[in-house]
Amino acid sequence: MAARRLPRGTRIDPVTLGYDVERTNKDRWADIAAHVGMSPSALFDRMVENIELDGRGYPTWLPEQPLKDGELPIDPA
């Protein structure tokens, strides 16, 4: 089964990621993408577009971050 790619010409401003990551994580990402029938880049775009952020803009799955100087410990409504 070929990975589902985005149709050619649908990206508005495509760039190549230049991040150094662990090979095992890159390979795992490619395996996950293949499993769900997407290309790794399409899966990355979908993840970024749908990542859940807390009231401070941090991903909800990250450990809680200490308050920055000037931030008050008030829960967002």
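Just reorder THR10, THR24, THR16 by solvent-accessible area, largest first, 1.4 Å probe, all chains present.
THR16, THR24, THR10
When the chain is fully extended, how far beyond the present Cα-Cα distance does LEU6 get from ARG28, taking 0.36 nm per residue of separation?
5.9 nm
Long-range amide H contacts for ASP54: which residues qualify at under 5 Å (H placed 1.01 Å from N, peptide plane, sequence gap of 5 or more or a different chain)?
THR60
Out of residues 5 or more away from MET38 or on other chains, whose amide H comes under 5 Å of its own, with H placed 1.01 Å from N in the peptide plane?
ARG4
What do you reckon, how do TRP29, TRP61 stack up by accessible area (1.4 Å probe), largest on top? Kindly include the intermediate steps, with their values, before the conclusion.
On the way: TRP29 70, TRP61 175 Å².
Order by accessible area, largest first: TRP61, TRP29.
If I ignore ligands, DNA and RNA and count only protein heavy atoms, how much of VAL36 is accessible to a 1.4 Å probe, in Å² to the nearest 10?
We get 80 Å² for VAL36.
Per residue of the range 23-31, in order, report the coupling 6.51 cos²θ - 1.76 cosθ + 1.60 (Karplus, θ = phi - 60°) as ³J(HN,Hα) in whole Hz, putting x for Gly and Pro.
Calculated HN-Hα couplings, in order: 4, 4, 6, 4, 5, 5, 4, 5, 5 Hz.
The values are calculated or read from the model by the stated rules, or taken from the named source; none is laboratory data. Remember, predicted model here, so these are calculated numbers, not experimental data. For accessibility, only protein heavy atoms count, side chains too; no ligands or nucleic acids. Shrake-Rupley method; radii C 1.70, N 1.55, O 1.52, S 1.80 Å.
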